[in-house]
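The values are calculated or read from the model by the stated rules, or taken from the named source; none is laboratory data. From a predicted model like this one, the values you see are computed outputs, not experimental measurements. Reconstructed Cβ throughout: ideal geometry from the backbone, glycine too, with neighbour counts over all protein chains shown. The protein model used for the area step is the full one, side chains on, heavy atoms only, and it has no ligands, DNA or RNA in it. Shrake-Rupley method; radii C 1.70, N 1.55, O 1.52, S 1.80 Å.
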Amino acid sequence: MLEAAGRLLLDEGMAALTFQRVADESGASKMTLYKWWPSPGALAAEAYFAQSAPVLSFHDTGDLRADLTAQLESFVRWLTEEGAAKPVAELVGTAQTDPDLARAWSENYALPRRELARERLRIARAAGQLREDADLDVIVDQLWGACYHRLLVLKVPFDASIVPALVDHALHGAAPRS
C-alpha cells in the first residue's frame, strides 16, 4: 500500500492519491486503508517518508562539513532531480488544512529528520568541530530551511550547487575570516 501510494504521489501528485486509487493500485481494500490511515493526506505523508528514507540517510564519517554537504546534496537532488519537489510542496501545503497530515508530517518526518541532523551536530560539537554554544536548531534551520524557503516561498529554481555555500555559511558565518 505504501509503495503504491508513494509511486502515485511522486508520479502524479497529491490529487492522484485517493483511497480508491491506492486500493486499485495495491490490491488492498479501501476498508484496510481507512483502518490504517485517518485521511489520504496521512497516507501520502507516510508514503513520502517511506520513499525518502533511503535517499535521505545521514552518515557520520567524522568530517562534519563533508557529512552535511553529502546529506544536503542528497536532499536537494531528491527535490530537484528525482521529482520530490512537487509532492513536498503539495504535502506541506495540504498540511495547512489537513490536521491528520500536519500531525503525520511533523511527528513522523520533520521532527525525526531534524533530530537526525541535531544528533550529527551534537557529535561534531563533542568532537570540537562546533563551538560549545552553537545553536543546533539554528544550524538546521539555516541549511534545510533555505531549501524549503526556495521551494515553497520564493518558488525559484535551485540545485545542489547552492549546498557548499549553505554549509560554509552555516559553519563559518558571513564575517570575513581572519
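Here is how the numbers come out for the structure above:
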quantity	calculated
V153 being of a type in the set (V, I, T), under 23 Å from L10 (Cβ atoms) and in contact (Cβ under 8 Å) with a residue 24 or more places away in the chain	no
A175 vs. criteria aliphatic (A, V, I, L, M) and open to solvent by less than 30 Å² (accessible area, probe 1.4 Å)	no
Condition check for G83: open to solvent by 60 Å² or more (accessible area, probe 1.4 Å) and farther than 20 Å from N108 by Cα	no
Filter result (under 26 Å from G93 (Cα atoms) and of a type in the set (D, E, K, R)) within the stretch 44-76	E46, E73
Cross-chain or 6+ apart pairs with Cβ under 7 Å, the stretch 64-76 first and closer than 12 Å to A170 by Cβ, then in a helix (DSSP H, G or I) and not β-branched (V, I, T)	L64/A124; R65/L171; L68/L143; T69/P164; L72/L143; L72/L166
Wholly within the stretch 110-178, helices (runs of 4 or more DSSP H) carrying at least 3 residues that are under 24 Å from A50 (Cβ atoms) and out of contact with any Pro (no Cβ under 6 Å at 6 or more places or on another chain)	111-126, 136-148
Per-region count, the stretch 119-141, residues under 14 Å from the mean Cα position of the chain (by Cα) and surrounded by fewer than 17 Cβ atoms within 10 Å (Cβ to Cβ)	1
Residues being more than 11 Å from L72 (Cα to Cα) and surrounded by 13 or more Cβ atoms within 10 Å (Cβ to Cβ) - total across the stretch 149-165	5
Helices (runs of 4 or more DSSP H) fully within the stretch 1-60 counting 1 or more residues that are out of contact with any helix residue (DSSP H, G or I) (no Cβ under 6 Å at 6 or more places or on another chain) and surrounded by fewer than 19 Cβ atoms within 10 Å (Cβ to Cβ)	2-12, 19-26, 30-36
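Residues checked against (1) among the aliphatic types (A, V, I, L, M); (2) surrounded by 15 or more Cβ atoms within 10 Å (Cβ to Cβ):
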| residue | (1), (2) |
| --- | --- |
| F75 | no, yes |
| L79 | yes, yes |
| V88 | yes, yes |
| T94 | no, yes |
| P99 | no, no |
| A102 | yes, yes |
| L111 | yes, no |
| A117 | yes, yes |
